[in-house]
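Okay, so here's the structure we're looking at.
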Amino acid sequence: MSLRELYQEMIIDHGRNPRNFGGLAQATHCKNGQNPLCGDKLSVYLIEMDGVVVDVKFEGAGCAISVASASLMTDAVKGKKVEDVLSLFQHFHELLTTGKANDEALGKLSIFAGVAEFPVRVKCATLAWHTLKAAILHDDKSVSTE
Amino acid sequence: MKSETRTTELKWFKKDFPLLGGTNRGKPLVYLDSASSAQKPQQVIDAISYFYGHDYANIHRGIYELSERATNVYEQAREAAARFINASSNEIIFTSGTTGAINLVAQSFGRSQLQAGDEIIVTEMEHHSNIVPWYLLKEQMGIVLKVVPVLDDGSLDMLAYASLFSSRTKLVAVTHVSNVIGTINPIRDMIMLAHSNDVPVLVDGAQAVPHMNVDVADLDCDFYTFSSHKLYGPTGIGVLYAKSHWLSQMPPYQGGGGMIETVSFDEIIYVNAPHKFEAGTPDIAGAVGLLAAIQYISNIGMQNIEKHEQSLLEYAEEKIHELGFVQIIGTTHPKAGVISFVMNDVHAHDIGTILDAEGIAIRAGHHCAMPLMQRFNVPATVRASFGIYNDFSDVDALIEALKLVKRLFPDVAA
């Protein structure tokens with residue numbers, strides 16, 4: 001695993017120019033998440049209709065890994081059924097902890113495989129996902145990676 | 001080359017530290033995190049190992065010679081710590097570290113001498129360990145915290161400091177050296193001003209004691225705290241210096257064995273300081289290690305250490321300025337060998353990971369000083385800090401790795 005693989009162009013690009021960035025006025029669900037160790041903070045907004053995530057956005061600030069992960073997450077889950085979103089998170093989490101990618105399920109998200117080599121950074125890559133999950137499940141507790 | 005000649009003459013310190021010959025992520029280790037904790041010389045490791053192998057027993061208890069030997073070396077450590085900061089040994093209390101020492105003062109001095117509405121002056125650059133114990137007092141008894149602001153260059157606003165004193169001010173708690181930006185505060189002046197208002201002063205010396213001569217008699221501070229582990233000694237032990245007249249007025253912080261003369265269920269008589277404040281079996285081997293660490297750095301000489309670290313700081317600042325894309329937070333001097341920096345929009349943790357992959361150990365984050373991060377409007381910084389074992393090649397490695405960060409983040413770091 002080289003640094004180039006961890007910080008590859010797609011991650012740098014999404015970290016610098018995140019997609020689906022901003023608030024969502026008609027959101028049916030929203031949640032704030034933070035990683036107190038890094039100071040990363042983000043909010044996830046989504047519109048759910050008939051069990052499908054029809055739109056999703058996020059805003060916040062953090063390291064390249066956390067912002068790129070949030071950006072690619074919004075791209076990946078838009079239009080998916082809620083149950084598929086939750087199972088995608090499971091695959092993604094497995095990727096980050098084992099480094100082994102289920103390419104079929106993960107698609108572009110498998111570019112985060114390199115994070116597995118840096119265990120302290122797993123929290124950065126999962127912050128947006130934990131926040132999304134809490135938003136979907138209407139979990140009242142605020143999300144913290146600590 | 002200037003750096004090479006400087007490197008050769010300074011290389012000899014490194015050989016005493018076995019860990020520094022090791023690796024980090026498969027690359028030769030470059031250790032630039034001494035402000036967090038310093039590595040240990042072989043002399044300290046050997047002293048602890050020898051103690052457990054030859055002289056260990058509980059102290060102040062056994063009637064046998066072995067316990068006497070252990071007691072003697074523990075008390076020798078107290079005497080060495082006292083000489084090290086020019087105090088007398090009955091003013092030296094062994095604690096678990098700086099954090100333990102400040103909590104002791106907060107709970108013992110604070111709860112016995114302060115009342116609701118009384119004020120404690122702290123500064124915006126304090127480590128959480130010199131904020132949270134006072135905040136606990138605020139919650140427990142309604143004391144009020146007043147905060148000295150930090151100026152743009154990373155120095156304290158001394159005019160504001162002078163204006164914060166009132167008839168309710170009961171203590172000043174200030175760091176000697178900032179753990180984040182290295183600023184050496186003018187604590188002698190601050191103590192004089194506080195004393196002219198009849199206010200005692202606690203100085204957090206965790207970041208000062210490893211880098212400069214500290215003379216508590218000359219400073220005239222009321223309390224001074226430091227940790228062994230930042231001073232090339234073991235973890236688990238630290239020192240609280242307190243003037244005798246305060247110690248005699250302060251109630252015990254924790255109760256247990258070793259701090260009493262007699263105990264019945266109706267009356268307990270405590271021993272005098274320092275043992276009054278050392279309940280339970282202390283970190284005896286830690287004291288042995290601290291003694292060895294103090295001997296080790298005394299042999300090198302604090303003036304030599306200071307000179308060495310200042311030349312590293314000067315070299316690193318020069319090299320960082322030459323890069324042109326790294327911004328140092330806190331530019332005031334004098335400062336200790338601590339440099340905090342950011343690179344425009346590249347997050348500190350991304351920089352930290354890249355340096356880590358290059359074998360370089362630095363700290364990235366808020367450095368337990370969130371108010372100071374807010375002051376400079378940054379979520380986190382990268383901090384490189386120097387110890388006696390660092391040399392110019394370590395700085396060169398840092399500079400090369402920062403160039404790599406720039407290559408990986410070409411737009412963001414621009």
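Under a point-charge model restricted to the Cβ atoms of Lys and Arg (+1) and Asp and Glu (-1), what is the dipole moment magnitude of the protein assembly as shown relative to its Cα centre, in debye to the nearest 20? The calculation lands at about 560 debye. Our summary gives chain A a relative contact order of 29 percent, counting only alpha carbon pairs under 8 angstrom and 6 or more residues apart. I need the shape label for the range B:176-300. Rule: rounded when a/c is under 1.5, else prolate if a/b > b/c, else oblate, with a, b, c from the alpha carbon gyration tensor. It comes out oblate by the Cα gyration axes.
Of all DSSP beta bridges confined to the protein assembly as shown, the antiparallel ones make up roughly 70%.
Can you give the charge dipole size of the range A:3-137 about its Cα centre, rounded to the nearest 20 debye, using +1 on the beta carbon of Lys and Arg and -1 on the beta carbon of Asp and Glu? Mind showing how you got there, number by number?
Numbers: 14 positive and 15 negative charges, 65 e Å.
My answer is approximately 320 debye.
By the count of other C-beta atoms within 10 Å, a proxy for reagent exposure, B:Val105, A:Val52 are ordered fewest to most as A:Val52, B:Val105. Every pair of different Cα atoms in the range B:45-299 enters the Kirkwood calculation, which places the hydrodynamic radius at 18.9 Å.
Candidates A:Phe118, A:Gly22, A:Pro36 compared by Cα position along the dipole of the range A:3-137: farthest toward the positive end lies A:Pro36, with charges placed on Cβ. Students often get this wrong, so check it: of B:Lys14/B:Lys230; A:Lys80/B:Lys406; B:Lys40/B:Lys243; A:Lys123/B:Lys335; B:Lys146/B:Lys307, which have C-alpha atoms separated by over 27 Å? Result: A:Lys80/B:Lys406; B:Lys40/B:Lys243; A:Lys123/B:Lys335; B:Lys146/B:Lys307 exceed 27 Å.
Over its Cα atoms, what ratio of radius of gyration to 2.2 N^0.38 Å does the range A:3-137 give? Before the final figure, lay out the partial values.
On the way: Rg = 13.6 Å, N = 135, 2.2 N^0.38 = 14.2 Å.
Normalised by 2.2 N^0.38 Å, the Cα Rg of the range A:3-137 equals 0.96.
In whole Å, how far is the Cα centre of the range A:1-53 from that of the range B:63-135? The distance from the Cα centre of the range A:1-53 to that of the range B:63-135 comes to 46 Å. Tell me, how many Å apart are the Cα centres for the range B:233-282 and for the range B:348-412? So the two Cα centres are separated by 41 Å. For the range B:80-96, backbone phi angles converted through the Karplus equation (6.51, -1.76, 1.60; θ = phi - 60°) give residue-by-residue couplings of 5, 5, 5, 4, 4, 10, 6, 10, 9, 5, 6, 9, 10, 10, 7, 10, 7 Hz, Gly and Pro being listed as x.
Which of A:Glu48, B:Glu278 comes first, and how do the rest follow, when ranked by fewest Cβ neighbours within 10 Å? Walk me through the numbers on the way to the answer.
Working: A:Glu48 18, B:Glu278 25.
Fewest-to-most Cβ neighbours within 10 Å comes out as A:Glu48, B:Glu278.
Ranking B:Thr95, B:Ile328, B:Tyr135 by Cα position along the charge dipole of chain B, where only Lys, Arg, Asp and Glu carry charges on their C-beta atoms, puts B:Ile328 farthest toward the positive end. To the nearest ten degrees, helix B:348-357 and the longest principal axis of the Cα atoms of chain B are 80 degrees apart. Computed log10 I(q)/I(0) for the protein assembly as shown at 0.07, 0.11, 0.13 Å⁻¹: -0.49, -1.07, -1.27, from the Debye equation with unit scatterers placed on every C-alpha and solvent omitted. When only C-alpha pairs under 8 Å and at least 6 residues apart count, what is the relative contact order of chain B, in percent? Value for chain B: 24 percent.
For chain B, with only Lys/Arg (+1) and Asp/Glu (-1) charged at the beta-carbon, what is the dipole magnitude about the Cα centre, in debye rounded to 20? Walk me through the intermediate numbers first.
On the way: 30 positive and 46 negative charges, 92 e Å.
Here the size comes out at about 440 debye.
Taken over the alpha carbons of the range B:59-184 as equal point scatterers, the Debye sum produces base-10 log I(q)/I(0) values at 0.12, 0.16 Å⁻¹ of -0.60, -0.90.
Where a number appears in this text, it was derived from the coordinates with a stated rule and is not lab data. All figures in this text were calculated on a predicted structure; none of them were measured in a lab. Note: ideal-geometry Cβ built from the backbone for every residue, glycine included; neighbour counts use all protein chains shown.
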